[in-house]
Protein chains: 2
Amino acid sequence: MTIRLYCFGESGNSYKAALALELSGLGWEPVYVDFFNGETRSPEFRALNEMGEAPVMVDGDLVLAQSGVIQDYVVEKSGKLGVATPEERREILRWTLWDNHKLSSPAGMTRFLIHFLPKDKQPQGVIPFTQARLNAAYKTLNQHLQNRDWVAANHLTIADLSCCSYLYYPEPFGFERKDWPHIDAWLSRISDTPGWKHPYDLMPGSPADRASQEGKTT
Amino acid sequence: MTIRLYCFGESGNSYKAALALELSGLGWEPVYVDFFNGETRSPEFRALNEMGEAPVMVDGDLVLAQSGVIQDYVVEKSGKLGVATPEERREILRWTLWDNHKLSSPAGMTRFLIHFLPKDKQPQGVIPFTQARLNAAYKTLNQHLQNRDWVAANHLTIADLSCCSYLYYPEPFGFERKDWPHIDAWLSRISDTPGWKHPYDLMPGSPADRASQEGKTT
């Protein structure tokens, strides 16, 4: 049975899971989550994931939430994108936790506030605050990648696919590749990997889709 | 050799690691990190942890950062506070990631902005924004604990010690135990565990310490 991933294109957290599935070679298909019309907050979706978040992966009877858990399962099932030693396994966990806390969380939030909320609903003061915190995170990651090709091992792992996720999106939220040369080179290494796809090509849903949908209904 | 944990009392993330060490029965000792005078941003501390954050654990030659990684190591070394099955292991990872992203990160931030920054340096608009996000997190956790005693298994695990950490602190930041009865009961279950200690009793450093220090130097 094909693995199903509940996801949507704009979600960097969904992208972490989708890209791991895609690059692992496992068979999978996306199931579109209509986040912008409130689907993740619906009782039906909460029955699938009590946390009310995408992505959710369904593999037969197994239902998993949290991108880091899905990535871990992809490694276990495919034998790809993981590591061999306890030390490297801890490095994956370390950078996945750091990413969830310091990078993806404020990046996703900042991008959402700037691009996916009406201007008159943007909370005052939050965007510059999260951007300042993000700058500290870019600095840490850029420094980490100064003398190494990959985040957690000497090859591509799920830790790379966690940290990179929000950094490929085209909507500007304060991250400029040219300002962070080691991050820039690393993002190119990841996107040069055979099979790599951009989030809007890998998952259903994008700002362009929604604009054309709105065009049809108005 | 005794395990050393670089930590400070006000840090809920340090508390996650310290409480896991304490309840596991492993021998350990705290090393005070002078966060409020910038120690985590110093080159010396960055040499220990490139992420510039507490806690950091040192066990002989092994240096680990990120509370979730340290907790994982404590389970491995002590055989305590962990789980037996892959399903439960995924539950630990799921709630640890959720906590890092949705609960501890905004809770630590909100408490810091309210209590540890001078009033005139508080960024406008951020506190109500993070408090609204926290409310959604309390709701998710309260619901999860409605029909169960512990977060990830049928006994206390490191997932409980991750999610609970900021919720024991006395400085008000918007979390009221009485508003969330299932969280309240669970916090009592954890603090009733033999060997449990409050963060300010387990680690050096507290607002009271700093106030008395300032009293001495002025």
Using a 7 Å Cα-to-Cβ projection, A:GLY215 label spacings across copies, nm, ascending:
7.0
So what's the gap between the Cα centers of the range B:1-51 and the range B:87-104, to the nearest angstrom?
21
Contact order normalised by residue count of chain A, Cα under 8 Å, 6+ apart, percent
27
Between A:PHE112 and A:ALA47, what is the label-point separation in nm under the 7 Å Cα-to-beta-carbon projection?
2.4
Can you give me the Cα centroid spacing of the range B:146-213 and the range A:121-157 in angstrom?
30
Per residue of B:120-130, what is the mean number of Cβ atoms on other protein chains within 10 angstrom of that residue's Cβ?
4
Stretch gain in nm, segment B:LYS139-B:GLU29, where the contour uses 0.36 nm per residue and the Cα spacing is subtracted:
36.1 nm
Dipole magnitude of the range B:1-68 about its Cα centre, charges +1 at Lys/Arg Cβ and -1 at Asp/Glu Cβ only, in debye to the nearest 20?
100
Please give the net charge around A:LEU187, taking every other residue with its beta carbon less than 15 angstrom from that of A:LEU187, where Lys and Arg add +1 and Asp and Glu add -1.
-1
Test item: A:68-75 mean partner chain Cβ contacts at 10 Å:
4
Could you run the numbers on buried accessible area between A and B, total for both chains, 1.4 angstrom probe, in Å² to the nearest 100?
3400
Roughly how many debye, to the nearest 20, is the charge dipole of the range B:86-191 about its Cα centre, given +1 on each Lys and Arg Cβ, -1 on each Asp and Glu Cβ, and no other charges?
220
Give the lysines whose C-alpha is closer than 27 Å to that of A:LYS121, dropping any in the same chain fewer than 8 places away, or say none.
A:LYS102, A:LYS216, B:LYS102, B:LYS119, B:LYS121, B:LYS139
To check you understand DSSP bridge types, tell me what percent of the beta bridges within chain B (both residues inside) are antiparallel, rounded to 5.
60
Find every distance from the label point of B:ASP192 to the corresponding label point in the other copies (7 Å from Cα along Cα→Cβ) and write them in nm, one decimal, shortest first.
6.0
Chain B Cβ-axis minimum, rotational copy A, residue and distance in Å:
B:GLY125, 2
Env charge @ A:PRO128, Cβ radius under 15 Å, K,R +1 / D,E -1, value +3
Using a 7 Å offset from Cα along the direction of the beta-carbon, what are the separations from A:GLU76 to the same position in each other copy, nm, ascending?
1.6
Which length gain, in nm to one decimal place, applies between A:GLU87 and A:GLU214 when the Cα-Cα distance is subtracted from 0.36 nm times their residue separation?
40.8 nm
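The values are calculated or read from the model by the stated rules, or taken from the named source; none is laboratory data. What you are looking at is a predicted structure, and each value in this text was computed from that prediction instead of being measured. So basically every Cβ, Gly included, is an ideal-geometry build from the backbone, and we count neighbours across all protein chains shown. In case anyone asks, the SASA skips ligands and DNA or RNA and just uses the protein heavy atoms, side chains included. Shrake-Rupley method; radii C 1.70, N 1.55, O 1.52, S 1.80 Å.
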